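Enquirer: Encoded as structure tokens, here's the structure I'll be asking about.
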Amino acid sequence: MKQYVKSVDYIRVLAILAVVLIHTTTRTLEASKFNLMGFPLTIFLNQIARFAVPIFFLISGFVLEISSTDNLSYLSFLKKRLSRIFIPYVFWSAIYYLLIYTQNHENFLLVLLKGDASYQLYFIPTLFIFYLIFPLLHRIYNFISNKWLFVFLFISQIFLLYRDYFVEEFRFAGPIHIAILAYFVFIAGMVAARHIDAIKRFVNKWKFVLIPAVIVSGIFIFAEGLTRFLKTGNFLSYYSQWRPSTLIYTILLGLVLFYLFEIKTFQFKYVEKLSRLSFLVFLIHVIVLELSWTVYGKSLFALMGGSVIGKILFDPVFFGTTVGLSFAIAFIIHKIPYLKKLIA
């Protein structure tokens, strides 16, 4: 079933840019002492980027399904998949644990299991969970892709997201918690892998409805995160991407992006290369962010944060330098064969 789908590379690059944007704008909001009303562009950028992690799970399900081979044993599948990310994950977790966020007093093995060495790393143990169950999901694909069960899975996911965000957060360890809130996008990615042509036809037919829907849902997420924070004072109100609105936004945006990037007129020869660097950028960008903030970001914010123009310009500058340095470092590491195998 293997085939190359170029839109995956485009979406992956956009997703990693969105991840970095979330973290740089979050630092701005923290520096402003959570003055969201004083930094409207910052909170807007922070919220419309919230599709990033959910769409990474969707891509993961898509890629696993489209590259699956039925004759591969369960252990061989796990070895093939985990070998690509496990060693770099352990290496960079150790860097964060020992050198960056040294106040973590938990045992390193426990930190590793939970993805707690740095705040972006929870994604990796959650991905391990989906790797563990993917062979089973692949075997029962016809069952989980039944339209009525698929609708049920979507409704149940909406319910769980609503309860977690609006009522009471689940009391599970990080990776399990996120897996409970992300199972639908992972399964949706699997289903999408077998309906590529149908998705293209659907989006082409409804694009003038879907594109405005993406814009409206993005604005809604911005308004929801802002107003809920002002009401509760809890920064998780805007920091969480696990909400019913974000699921809908992610699906709509994923459909539109998939369609747009599959159109032949969209061509950028470096996207595939940037996509290959995205995993390492995901791992290292928080280190770059912390160093950038220490070296120039904090003082630049103090200089620019007091004026309207400065507030508008600071986030693009801080984001641009962080993402540029992260990709540059990832590019250099990928040019060193033995180093690449160890940490990339």
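The values are calculated or read from the model by the stated rules, or taken from the named source; none is laboratory data. Keep in mind that what you see is a predicted model, and the values were worked out from it rather than measured. Methodologically, a virtual Cβ is constructed for each residue, glycine included, from the backbone with ideal geometry; neighbour enumeration extends over all protein chains shown. Quick note on the areas: whole protein, heavy atoms, side chains included, nothing else; ligands and nucleic acids left out. Shrake-Rupley method; radii C 1.70, N 1.55, O 1.52, S 1.80 Å.
Enquirer: With 34 Å as the cut-off, how large is the P(r) tail for the chain, expressed as percent of Cα-Cα pairs?
Expert: When every Cα pair of the chain is considered, 24 percent fall beyond 34 Å.
Enquirer: Out of the total accessible area of the stretch 2-96 (probe 1.4 Å, heavy atoms of protein only), what percent is carbon and sulfur?
Expert: Roughly 68 percent of what the probe reaches on the stretch 2-96 is carbon or sulfur.
Enquirer: What is the extension gain from Lys200 to Leu110, computed as 0.36 nm multiplied by their sequence separation minus the C-alpha to C-alpha distance, in nm to one decimal?
Expert: Net length gain for the segment: 28.1 nm.
Enquirer: Pull out a ≥ b ≥ c, the square roots of the eigenvalues of the alpha-carbon gyration tensor of the stretch 194-287, then state rounded if a/c is under 1.5, prolate if not and a/b is larger than b/c, and oblate in the remaining case.
Expert: Cα axes put the stretch 194-287 in the oblate bin.
Enquirer: Find the accessible area per residue for the chain; the probe is 1.4 Å, ligands and nucleic acids are left out, and the unit is Å².
Expert: Dividing the accessible area of the chain by its residue count gives 50 Å².
Enquirer: Now for a separate question. Of Thr250, Ile48, Val5, which is farthest along the charge dipole of the chain in the positive direction, counting Lys and Arg as +1 and Asp and Glu as -1 at C-beta?
Expert: Positive-most Cα among the choices belongs to Val5.
Enquirer: Right, next: Taking Lys298 as the anchor, which lysines have their alpha carbon closer than 29 Å to its alpha carbon, excluding any fewer than eight residues away along the same chain?
Expert: Those lysines meeting the cut-off are Lys33, Lys231, Lys311.
Enquirer: Using 0.36 nm times the number of residues separating Ser307 and Ala223, minus their current alpha carbon distance, what extension gain do you get?
Expert: Once the chain is fully extended between Ser307 and Ala223, it gains 27.9 nm.
Enquirer: Moving on. Okay, which of the stretch 280-311 sit inside 11 Å, backbone N to the point 7 Å along the Cα-Cβ direction of Phe235?
Expert: none
Enquirer: Run the 1.4 Å probe and let me know the accessible area of Asp197, rounded to the nearest 10 Å².
Expert: Accessible area of Asp197: about 100 Å².
Enquirer: I've got another one for you. Taking Cα centroids, how far is the stretch 102-153 from the stretch 273-344 in Å?
Expert: Going from one Cα centre to the other spans 26 Å.
Enquirer: May I pose another question? Provide Met190, Met37 ordered by accessible surface of protein heavy atoms (probe 1.4 Å), highest first.
Expert: Reading off the accessible areas and sorting them downward yields Met37, Met190.
Enquirer: Among the aspartates and glutamates, which have Cα under 19 Å from the Cα of Lys147 when same-chain residues fewer than 8 positions away are ignored?
Expert: Within the straight-line limit of under 19 Å, Lys147 reaches these aspartates and glutamates: Glu65, Asp197.
Enquirer: Further, regarding this structure: About the Cα centre, and with charges only on the beta carbon of Lys, Arg (+1) and Asp, Glu (-1), how big is the dipole of the chain? Nearest 20 debye, please.
Expert: Result for the chain is approximately 820 debye, rounded to the nearest 20.
Enquirer: Another question about this same structure. Going by accessible area, probe 1.4 Å, with all protein chains left in place, what is the ranking of Arg50, Arg84, largest first?
Expert: Arg84, Arg50
Enquirer: Which lysines have a Cα lying under 28 Å from the Cα of Lys79, excluding residues fewer than 8 positions away in the same chain?
Expert: Lys2, Lys6, Lys114, Lys273, Lys335, Lys340, Lys341
Enquirer: To continue, here is another question. Name the residues of the stretch 97-122 whose amide N is less than 19 Å from a point 7 angstrom out from the Cα of Leu342 along the C-beta direction?
Expert: Within reach of a label on Leu342: 97-100.
Enquirer: While we're here: Ignoring ligands, DNA and RNA, please state the percent of accessible area on the stretch 196-286 from carbon and sulfur, probe 1.4 Å.
Expert: Here carbon and sulfur together make up 70 percent of the probe-accessible area.
Enquirer: Once fully extended, how much extra length lies between Tyr296 and Ile158, figured as 0.36 nm per residue of separation less the alpha-carbon to alpha-carbon distance?
Expert: So the extension gain works out to 45.5 nm.
Enquirer: Something else: For the ranges 143-156, 226-239, 275-288, what's the packing order if you count other beta-carbon atoms within 10 Å of each residue, average per peptide, and put the highest first?
Expert: 275-288, 226-239, 143-156
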